[in-house]
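One structure below.
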Amino acid sequence: MTKGSAPADESHGAEATADAPPPAHPSATVVLLRDSPAGAGLEVLLGRRGAELDFHGGDWVFPGGRVDPEDCVAGAPPSSLEAARCAAVRECAEEVGASVAADALLTWSHWTTPLSWKKRFATWFFFAPFTEQRLAADGVEMQTCRFMRPEDALAQQASGALGLPPPTFVTLVELCAFTRVEQALAAAQTREPPIILPRPQRIADGAISLYPGDAGYDSGALDLPGPQHRLIMHKGGWRYVYSLG
């Protein structure tokens, strides 16, 4: 389906060599949504990370980052949803200058970097409506930012014009099901957020990342009959498969 993205793994990090996996830092990401001013459907804010950054450098992502000590208000642990909400609000303001209300954040999913990588994050993905305001990328974490239709972002990834991390890719595929912000927010209000720890398996021309619910998730076998929940990352194209029924 798509091509031109960064290496076919789930984190773009170096493989860990220790027996025990490194800890995953609690983090938060905000998927800011708006209805296109031109009436072209739903749009999402994406920003290009600085090319010099060692985690998804140069890729296009949603605003976000790790939970800092100041996000742990009233003694909330860093891994708590409360701390993630505070981090989401702060990171949005720091990276793109967007003001987001904590009570407007709706959980969508939770992604953890695979166990085999040195730099790992455990990240809540939140949906939130964008209220009209001036945006300003910080020039460090985010070099630039702009609203795009999910379909357009995926098409640009397919052409090699921009790179997307796997969780961003999957979220954009999911957003293609909605034509208006109210539909996406309604879905987030009723959805049980999936908890995803990818298990990537290398293949000859890329990788296939298995997600919970896939028949091969526990064993790593790619050809077992049954439900599939995976991201196929061939060097010539990416394809998200969700067939659990």
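The values are calculated or read from the model by the stated rules, or taken from the named source; none is laboratory data. None of the values given here were measured: they were computed from a predicted structure. Reconstructed Cβ throughout: ideal geometry from the backbone, glycine too, with neighbour counts over all protein chains shown.
Numbers at a glance
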read-out: Residue in the stretch 119-132 that is surrounded by the fewest Cβ atoms within 10 Å (Cβ to Cβ), counting only those that are farther than 16 Å from residue 167 by Cα and at pLDDT 95 or above; value: 129
read-out: Residues satisfying the stated conditions in the stretch 176-230, i.e. aliphatic (A, V, I, L, M) and more than 28 Å from residue 40 (Cα to Cα); value: 195, 196, 197, 203, 204, 207, 208, 210, 215, 221, 222, 224
read-out: Residue tally, condition assigned to a loop (DSSP other than H, G, I, E, B) and over 16 Å from the mean Cα position of the chain (by Cα), over the stretch 154-164; value: 3
read-out: Filter result for residue 158 (over 16 Å from residue 239 (Cα atoms), touching a residue at least 24 places away in the same chain (Cβ under 8 Å) and either small (Gly, Ala, Ser) or exposed (fewer than 14 other Cβ atoms within 10 Å of the Cβ) (or both)); value: no
read-out: Residues being touching a His at 6+ places or on another chain (Cβ under 9 Å) and among the acidic types (Asp, Glu) - total across the stretch 195-242; value: 2
read-out: Some residue of the stretch 84-101 being over 23 Å from residue 186 (Cα atoms) and exposed (fewer than 15 other Cβ atoms within 10 Å of the Cβ); value: yes
read-out: Count - residues of the stretch 229-245 that are without any contact (Cβ under 8 Å) to a residue 24 or more places away in the chain and either buried (at least 20 other Cβ atoms within 10 Å of the Cβ) or touching a Phe, Trp or Tyr at 6+ places or on another chain (Cβ under 7 Å) (or both); value: 2
read-out: Which listed residue, of 153, 204, 137, 128, is in contact with a helix residue (DSSP H, G or I) (Cβ under 7 Å, 6 or more places away or on another chain) and under 23 Å from residue 235 (Cβ atoms); value: 153
read-out: Residue match in the stretch 213-228 (condition: under 17 Å from the mean Cα position of the chain (by Cα) and either within 26 Å of residue 48 (Cα to Cα) or in contact (Cβ under 8 Å) with a residue 24 or more places away in the chain (or both)); value: no
read-out: Subset of the stretch 123-141 (residues that are over 16 Å from residue 56 (Cβ atoms) and within 16 Å of the chain's Cα centre (by Cα)); value: 124, 126, 127, 128
read-out: When residues of the stretch 138-155 are limited to those that are surrounded by fewer than 22 Cβ atoms within 10 Å (Cβ to Cβ) and touching a Lys or Arg at 6+ places or on another chain (Cβ under 7 Å), the one modelled with the lowest pLDDT; value: 141
